[in-house]
Amino acid sequence: MGHSSSSQHKSTSKSQPAVDEPSQVENTPARLVSLPRLLIVDPSHFIVDGTTITRSTFGLNWQPSPIESPLFIEKAITEGVVSVTLTILALFEIKETEGIHLGLFDSTASLSLIEDSMKRGYDQRLGCDVYNSVAMKSCHGSLWCRKSSAKHNIALQLCHSDLKNGDCVRMEVNMDSTPRTLQFFVNGAAGYSYVSGLPSSVRIGISVSCFRISFRFDRITHNHRPTPIPPGMTEIKWN
């Protein structure tokens, strides 16, 4: 399966719908059998096997601490309530800045800046290094939001505890609400915080550091209704 860099604006895997409709037979939609089209900034950093994605050992001999590298679902989300569910298969935390950042990125922003920063050896963690992005960090389960180039515009709140192998994580994006919102669920449980004021078009993304970290995309569904935001949750405002 071929992958491409963002500068060529190509994608990987055979064309698939952006979301799968919920199963009419079961309450839980069937597991994905193939990935949607992806945008991978540096294809050498990932191994894609079916719906499982693993950080490759590329550069292992000369790069003891690999940079955080992102990939994105190509299809932008502009409407509806969309859930993306994945399972953490292998997570190796060496230091608190490493692991997985699960989140989204303003799809109107250019990916070329991310690519250029990576070429210069800089981490590109969603919600932290990447402008106009938000993500939940596997270490500490904290929720990060980076709105602009100004460092003081990084918002941070506790959302869940540390993620671990076998955890099932679901991101729910509600593009029909006012303001638009993002919630994270771990093993079915809601978090302590959520994001509001999402831009009008977003792209789901995951940034990964540490060789051999692995996760599996389980479901991408268009829900009939959003999950209500529990009272007392902390709000992080995008704008």
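Ordered by residue, what ³J(HN,Hα) values in Hz, to whole numbers, does region 184-190 give under the Karplus form 6.51 cos²θ - 1.76 cosθ + 1.60, where θ = phi - 60° and Gly and Pro are x?
With coefficients 6.51, -1.76 and 1.60, one gets 10, 10, 10, 6, x, 8, 6 Hz.
Would you grab the residues whose amide H sits under 5 Å from the one on residue 218? Only those 5+ places off in sequence or on another chain, please, with H modelled 1.01 Å from N.
The answer is 85, 86, 87.
Output ³J(HN,Hα) for region 219-231: one whole-Hz value per residue in order, computed from phi by the Karplus curve 6.51 cos²θ - 1.76 cosθ + 1.60 with θ = phi - 60°, and x for Gly and Pro.
8, 9, 10, 9, 7, 6, 8, x, 7, x, 7, x, x
Starting from the amide H of residue 158, placed 1.01 Å from N in the peptide plane, find each other amide H under 5 Å away whose residue is 5 or more places distant or on another chain.
Those qualifying (amide H under 5 Å, at least 5 residues apart or on another chain) are 143.
Averaged per residue, what accessible area in Å² does region 83-239 show with a 1.4 Å probe, protein chains only?
On the way: 6460 Å² over 157 residues.
Heavy-atom accessible area per residue stands at 41 Å².
Of 119/237; 137/237; 119/164, which ones are farther than 24 Å apart at the Cα?
Those over the limit are 119/237; 119/164.
Non-local amide H neighbours of residue 212 (under 5 Å, H modeled in plane, Pro and chain starts lacking H): which ones?
It is 55, 56, by chain and number.
What distance in nm separates the two pseudo spin-label positions at residue 165 and residue 79, each 7 Å out from Cα along the beta-carbon direction?
With each label placed 7 Å out from Cα toward Cβ, I get 4.4 nm.
In whole Hz and in residue order, list the ³J(HN,Hα) couplings for region 196-212 that follow from phi through the Karplus curve 6.51 cos²θ - 1.76 cosθ + 1.60, θ = phi - 60°; x for Gly and Pro.
In residue order, the calculated couplings are 10, x, 4, x, 6, 8, 10, 10, 5, x, 9, 10, 9, 10, 6, 4, 6 Hz.
Give the dimensionless ratio obtained when the Cα radius of gyration of region 114-239 is divided by 2.2 N^0.38 Å.
On the way: Rg = 14.6 Å, N = 126, 2.2 N^0.38 = 13.8 Å.
For region 114-239, the normalised Cα radius of gyration comes out at 1.06.
How long are the three semi-axes of the equivalent ellipsoid of region 155-216, in whole Å, if each is the root of 5 times an eigenvalue of the C-alpha gyration tensor, listed from largest down?
Listed largest to smallest, the semi-axes of region 155-216 are 23, 15, 11 Å.
The values are calculated or read from the model by the stated rules, or taken from the named source; none is laboratory data. Since this is a predicted model, take the numbers as computed values, not measurements. So basically every Cβ, Gly included, is an ideal-geometry build from the backbone, and we count neighbours across all protein chains shown. The protein model used for the area step is the full one, side chains on, heavy atoms only, and it has no ligands, DNA or RNA in it. Shrake-Rupley method; radii C 1.70, N 1.55, O 1.52, S 1.80 Å.
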